[in-house]
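The values are calculated or read from the model by the stated rules, or taken from the named source; none is laboratory data. Just so you know, these numbers come straight off a predicted model, no measurement behind them. Reconstructed Cβ throughout: ideal geometry from the backbone, glycine too, with neighbour counts over all protein chains shown.
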Amino acid sequence: MLKEFKEFAMRGNVIDMAIGIIIGASFGSIINSIVADIITPPIGLLIGNVDFANLFFVLKGGNPAGPYLSVPAAKAAGAITLNVGLFLNHIISFLLVAFPIFLIIKTMNRLRRKEKAAAPVTTKECAFCASNIPIKAIRCPHCTSELG
């Protein structure tokens, strides 16, 4: 069992996946900083000095009763809040991560299509049995029909 685990762990795609997760976590912290420190403050300023991180609605007050100046203050008082600003920050973060990934995958798919289109045709289909056979074949190796 130890040998099987070692084979699994040493496969190239497992190591690639681990590297991707580590880089993704680092990239996630950069994106969170971009959203929280660069993107949302100007948007909050434009819509009236709103700090997105503290844009919330109290669903049920805590002890002591509100108003609360921040989400942590409301949580400390035991209030139940609807954290709209934090949700918006997470949506912006997701879009900032998902859109570049979409563009990368779109580009890779386009390059793959070009490779497939440029690849020379090496097989054809037998008209009698629908098997793939070499393009130079004059007799089908599967059904022995003459291809002419």
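Structure notes:
- Complete set of residues in segment 61-95 that are outside any loop (DSSP other than H, G, I, E, B) and touching a Phe, Trp or Tyr at 6+ places or on another chain (Cβ under 8 Å): 71, 74, 81, 82, 84, 85, 86, 88, 89
- In segment 111-137, the residue that is farthest from residue 148 (Cα to Cα) out of those that are among the basic types (Lys, Arg) and outside any loop (DSSP other than H, G, I, E, B) is 112.
- Residues satisfying the stated conditions in segment 48-62, i.e. surrounded by fewer than 16 Cβ atoms within 10 Å (Cβ to Cβ) and modelled with pLDDT under 85: 48, 49, 50, 51
- Residue within segment 22-41 that is in contact (Cβ under 8 Å) with a residue 12 or more places away in the chain, assigned to a helix (DSSP H, G or I) and either among the charged types (D, E, K, R) or over 12 Å from residue 92 (Cβ atoms) (or both) present: yes
- The set of residues in segment 75-92 that are surrounded by 15 or more Cβ atoms within 10 Å (Cβ to Cβ) and either touching a strand residue (DSSP E or B) at 6+ places or on another chain (Cβ under 6 Å) or acidic (Asp, Glu) (or both) comprises 79, 81.
- Filter result for residue 67 (exposed (fewer than 10 other Cβ atoms within 10 Å of the Cβ) and closer than 30 Å to residue 47 by Cβ): yes
- Candidates 79, 130, filtered to the one that is at positive phi and hydrophobic (A, V, I, L, M, F, W, C): 130
- When every residue of segment 118-127 is checked against the conditions, none turns out to be within 30 Å of residue 27 (Cβ to Cβ) and either surrounded by 10 or more Cβ atoms within 10 Å (Cβ to Cβ) or free of Cβ contacts under 8 Å to residues at least 60 places away in the same chain (or both).
- Segment 2-35, residues that are closer than 30 Å to residue 53 by Cα and of a type in the set (S, T, N, Q): 26, 29, 32, 33
- For first residues located in segment 47-62 and under 14 Å from residue 77 (Cα atoms), partners that are among the basic types (Lys, Arg) and lie 6+ apart or on another chain with Cβ distances below 9 Å form the pairs 62/75.
- Members of segment 138-147 found to be in a strand (DSSP E or B) and either in contact with a helix residue (DSSP H, G or I) (Cβ under 9 Å, 6 or more places away or on another chain) or surrounded by 12 or more Cβ atoms within 10 Å (Cβ to Cβ) (or both), listed by number: 139
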